[in-house]
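Only the coordinates and a few stated rules stand behind these numbers; no lab work does. Since we're looking at a predicted model, the values are computed, not measured. Cβ coordinates were reconstructed from backbone atoms using ideal geometry, including for glycine residues, and neighbour counts include every protein chain displayed.
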Amino acid sequence: MKRTLSRELIVAEANKLAEKETLHNLSWRGIARHLQVQPQTLYHYFPSLGDLKAAVAEYQRGQLERQLYANLVPVSGADALYVFAETIFTFAQNHPSFTEIMTDQIQGRNSSECVTDQQSTVVKILDDILKPMIMDDDKRLQVKRFLLSSLFGYAKLSFSGFFAEQQATADSLKTIVTFLIRAIPIDGQTPTSLQGD
């Protein structure tokens, strides 16, 4: 039985394919085959493949944003940084194309705006967590860059098998986040020694 096509259905199904094949490998033919339609039919809904990939990025951004807000409601401070990192890492682990969306350029008419919006949403949530700890805007910007680079770099390397000696686990993520938090110059405090307890 054929389903009635809509932008929402195409995006949801393209997202499923991106999870299996990566966003980079999505093609008009593959999506059309999956939906059991002709490739040219998809042009009625999206002017280019880049626009569809941008819509998939937006779809995932919405999923992550809802998860972050739900998980962060009961926590603040350093606990919120742990929850933020764990939520993003787990989301990236369960949605392989997410790390690709966050770290790679997606080509398309509206795609760069969409990816920038996605990144800025994650950055804004992190900024809201850090604001009570670091009042200086420039310092907070540097800390956000440091944390996000570390988190996404760790996720990307972990999922690509770079750390062959150990699998990425919640414990190793918590250790890394603890190390990062100790390095943060929180207002009124000296960064904690980076050596063990």
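Cβ-Cβ distance of Ala70 and Lys174, R₀ of 30 Å, FRET efficiency by 1/(1 + (r/R0)^6): the value works out to about 0.90. Scoring 144-155, 68-79 by mean Cβ neighbours within 10 Å over their residues and listing the highest first yields 144-155, 68-79. Full extension of the chain between Glu21 and Phe146 yields a length gain of 42.0 nm, computed as 0.36 nm times the residue separation minus the alpha carbon distance.
Peptide packing for 6-15, 82-91 was compared via the average number of neighbouring C-beta atoms within 10 Å per residue; ordered from the highest value, the list is 82-91, 6-15.
Here the calculated FRET efficiency for Glu8 and Ser48, from their Cβ-Cβ distance with R0 = 22 Å, stands at 0.75, rounded to the nearest 0.05. Shape analysis of segment 1-60 places it in the rounded category; the axes a ≥ b ≥ c from the Cα gyration tensor give an a/c below 1.5. With a cut-off of 13 Å between beta carbons, the residues surrounding Leu126 carry a summed charge of +2, where Lys and Arg count +1 and Asp and Glu -1.
Using 1/(1 + (r/R0)^6) with R0 = 25 angstrom and r between the beta carbons of Val37 and Gln93, what's the FRET efficiency to the nearest 0.05? That pair, Val37 with Gln93, gives E of 0.20.
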